[in-house]
Amino acid sequence: MDQGKENNKYEGILCFDLDGTLLENRSDSIPESAMKAIDSLRGKYVICLCTGRDMESQNARKYAEMVDPDIIIHQNGTKITKGEEELFRHAMDAGLLHELYEYSAKKGFCMGFSHANGCYYTIPEIKTASDIAWRGFCDRHYLPFEEVFEKEIPIAALSFAGDIPKVKAEVEKDFPQLTLFAFNSGLGADVAEKGFTKADGVRRVREYYGIPKEKTYAFGDSPNDIPMFEAAGTSVAMGNADERAKEKADMVTDDITNDGIRNALLKLGILS
């Protein structure tokens, strides 16, 4: 990523996780107070969406359009886009992907990812059950995972659904190059290769804009947001956040449904 040319116009970077931070999953909406706060800060701060999702995928594009960020860190740091421009991408090694696929099939683990055309999961029933338990609905269009190999689709990041404590323990033991970050819901986990986390994504965005760590703010709710917290000068956990995220944050704000984003921005003096 080349360094950006608009460095002097911004006072800092605001990095927002999506699910459970900006997006209230049960209502499938972003609180009006959060959107008004973000809109009032456009042009003054870099608005960065930093998420485990691929925001160009079939079930995420509408949320990217709602937030309309300046820059997006997708899939825990493995892809970075600015508008239509792709600034950075890391694809998982094809050999490692095959190993994980065969391993998951043998173990009965549900592994997959979202793509522009739909969702590729090895056991769709498990992913659907997880979505319904967490969000109350499932709007995914599933495609056979085998198409990934047939069409040689490059994969930046994966996630698991189902019995996450068991999956995390076994995958991390058998694949030491991987770390699994459980979702706040406990019903899924993102897979991160060493060297590719939200922290690495935030560092790349800081370098791109030439903005220092102390002027970077991170907002999140899940364990996979902890690396992002470490790459920011100030970190904020939502009131509804996982306790592990709260312990690592500099500040804990209100729940997402109680104007947590707006209240944190006010307390930090970013929003007047």
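Just so you know, in the range 145-198 the residues that are among the basic types (Lys, Arg) and within 19 Å of Ser114 (Cβ to Cβ) include one that is nearest to the chain's Cα centre (by Cα), and it is Lys198. Selection of the range 41-72 for residues being basic (Lys, Arg) and free of Cβ contacts under 8 Å to residues at least 60 places away in the same chain yields Arg42, Lys44, Arg61, Lys62. Within the range 105-143, being assigned to a loop (DSSP other than H, G, I, E, B) and surrounded by 13 or more Cβ atoms within 10 Å (Cβ to Cβ) holds for Phe109, Asn117, Thr122, Ile123, Cys138, Arg140. Within the range 197-229, the residues that satisfy the criterion of being in a loop (DSSP other than H, G, I, E, B) and more than 21 Å from Leu23 (Cα to Cα) are Gly210, Ile211, Pro212. Just one of the listed residues (Arg135, Arg140) is at pLDDT below 90, over 19 Å from Cys50 (Cα atoms), over 15 Å from the mean Cα position of the chain (by Cα) and not aliphatic (A, V, I, L, M), namely Arg135. Screening the range 1-99 for strands (runs of 3 or more DSSP E) wholly inside it with 3 or more residues that are small (Gly, Ala, Ser) returns no ranges. Residue count for the range 162-171 satisfying the condition of being open to solvent by 60 Å² or more (accessible area, probe 1.4 Å) and not in a helix (DSSP H, G or I): 1. Suppose the filter is without any contact (Cβ under 8 Å) to a residue 60 or more places away in the chain, more than 21 Å from Tyr63 (Cα to Cα) and open to solvent by 60 Å² or more (accessible area, probe 1.4 Å); does Asp174 pass it? No; evaluated as a whole, the condition is false for this residue. Total residues in the range 212-223 satisfying the condition of being open to solvent by 10 Å² or more (accessible area, probe 1.4 Å) and closer than 18 Å to Pro69 by Cβ: the figure is 2. Yes or no: His74 surrounded by fewer than 20 Cβ atoms within 10 Å (Cβ to Cβ) and closer than 29 Å to Phe145 by Cα? In short, no.
For residues that are within 12 Å of Leu271 (Cα to Cα) and not polar (S, T, N, Q), tally how many sit in the range 15-50. Looking only at that region, the number is 9. Determine whether Ala245 is modelled with pLDDT of 95 or more, within 23 Å of Thr78 (Cα to Cα), outside any helix (DSSP H, G or I) and open to solvent by less than 10 Å² (accessible area, probe 1.4 Å). No, not satisfied. Scanning the range 83-93 for residues that are in contact (Cβ under 8 Å) with a residue 12 or more places away in the chain and out of contact with any Phe, Trp or Tyr (no Cβ under 6 Å at 6 or more places or on another chain) yields Leu87, Phe88, Arg89, Ala91, Met92.
The values are calculated or read from the model by the stated rules, or taken from the named source; none is laboratory data. Computed from a predicted structure; not experimentally measured. Ideal geometry is used to build each Cβ from the backbone, glycine not excepted, and the neighbour counts take in all protein chains shown. Keep in mind that these areas ignore ligands, DNA and RNA; they rest on the heavy atoms of the full protein, side chains included. Shrake-Rupley method; radii C 1.70, N 1.55, O 1.52, S 1.80 Å.
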